[in-house]
Structures are given as structure tokens and as C-alpha cells.
Amino acid sequence: PQLGGPIWADPIHDIEFVQKVLSAVSTNPSRFGTSKRIEGMLSMMTEELPDVPLYYALDHLCSTVHCNTPAMLQFRSALLHAGYRVSMSHASRNGLKTDAPPGVIWDLLRCWEKANPVKRERLSETSPAFRILSTEPTLQACFDVREDANPQSRKRHLVRFQENPQANWGPKARAKDSGGISSELEDKRKLCQNKRKNQVTDASQLKNFPCKRFRKGTCTHGDKCCYSHESASDEADKME
């Protein structure tokens, strides 16, 4: 993993100041157009572990070992069951702060992978995933959801992260040739319809296509390869 620095190791929030701002926003919500989001963000700050400067991104950890991602509630509960403190991070929806050492984090993921196995045969022996999962965990993880793993800001359904202002929000389809901007995603869908209609589905027809790996000298299938191994000169003779 990559790590930058220097890193601020002291608490990043002045909780007393945060509480004052939170109180001011809560008593006069109409003063700001984003008061709901401000309240949610400040509430999360009051719930964060003050003595843990960095956070883990759970989806990135799972991506490292190529396993599916457990629910945040489950993983936070597992840390609590193991005897460690844990909180969310206001900086990332999938972030969590904990005083558990990195070895415990990987042990929990090893236990999770045992219940949700990945295809080990697809992992390279030199990959981080293979090396991490080849080590047996030193603890038995429990992913049963605990009540104290669910923060108050989540229980109160506060707006903690920026939400999309409308459905299908984001980059739209490109400009039309006739001018103007297409605001309907349906236009793009229509252009892509039947895009793969003429795909080759009969394996015997693949012999009509040259094998790219054979040309590079890297194909190991030999006569069993479903693509053609004829050289360019052989194809030219056929054309004649």
C-alpha cells in the first residue's frame, strides 16, 4: 500500500466547536440550504474516534484479496467482537477508523473469505491476495451485527454524504449531430441496441479467425485452439 506524509497525528476535530456549529444549524435549519447535510456531516465528526488519524477503505481492502465486500455493519461488528474500537469516517462512505492493528484487519478478511471463498486457482502466487490468504487467521471472527456498531447518525437517517440530486444524475449522452444536447439516456440505449446481434456463437466458426497468440508465438493450445493457426502465406494461397 502507498502512504503519504507527513501525517497529522492529533485530533482533527475540535469537538466543542463542532457541537456549537451543530447546535446553531439545528436550531435554525432554514438559514442554510444544505443544513441537512451539514447536520449529518457534523454529527459524523462527533462520532469519529479522535485518536485515530487514518481510516481504512473497506472496499479497497476487499479488492486487494479479490473477495466480495461485507456490509459495513458486519465488519464494524466484527471489530467490536474482537475487542477493538471502531467508527466511521466523514471523509469516505466506505471508510472506517479503528485502533485494531493491520494484522487484525487482514485476519478478519481471511475469516470473511473462508465464508465467501474466492477462486484461489485464479490468483497468481506472487499476488498480494495469494500471499495474504495463504496465511491462516490467528483469531476467529464473528460477523454478527451488534447494536453499538450502528452509529446514531445512521439510525437517525441523517444525510451524511452528498447524494445525487436526481435519478440517473451524471454525464449525459453526447451532443447530437443535428445540434443540441440529448438529455435522454434512452437515445444512447437505442444506439447500442443489437450491438452484439451478429456475434459468433458457433465455436466451429471461430476457425475462420486467426489466432493472435499464434502470430506472437505464445499460443499453447496447439491443434486444440479454437482459432486458426494458419500463417499469412497459407491464407494468401487460399485466396488464390
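Below is a table of values for the structure above.
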| read-out | value |
| --- | --- |
| Region 133-191 - residue that is at positive phi and within 23 Å of the chain's Cα centre (by Cα) and, of those, modelled with the lowest pLDDT | 168 |
| Wholly enclosed helices (runs of 4 or more DSSP H) of region 44-128 bearing at least 2 residues of a type in the set (Ser, Thr, Tyr) | 58-65 |
| Looking only at region 109-146, and only at residues there that are of a type in the set (Phe, Trp, Tyr) and in contact (Cβ under 8 Å) with a residue 24 or more places away in the chain, the one that is surrounded by the most Cβ atoms within 10 Å (Cβ to Cβ) | 112 |
| Condition met for residue 86 (more than 28 Å from residue 40 (Cβ to Cβ) and either touching a strand residue (DSSP E or B) at 6+ places or on another chain (Cβ under 9 Å) or of a type in the set (Gly, Ala, Ser) (or both)) | no |
| Matching entry among 66, 90 (being in contact (Cβ under 8 Å) with a residue 60 or more places away in the chain and within 30 Å of residue 136 (Cα to Cα)) | 66 |
| Total residues in region 44-77, condition within 23 Å of residue 144 (Cβ to Cβ) and among the polar types (S, T, N, Q) | 4 |
| Condition met for residue 19 (free of Cβ contacts under 8 Å to residues at least 40 places away in the same chain and not aromatic (Phe, Trp, Tyr)) | yes |
| Residue count, region 81-103 (criterion: surrounded by 20 or more Cβ atoms within 10 Å (Cβ to Cβ) and farther than 17 Å from residue 50 by Cβ) | 0 |
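The values are calculated or read from the model by the stated rules, or taken from the named source; none is laboratory data. Just so it is clear, the structure is predicted and the values come from calculations on it, not from any experiment. Methodologically, a virtual Cβ is constructed for each residue, glycine included, from the backbone with ideal geometry; neighbour enumeration extends over all protein chains shown.
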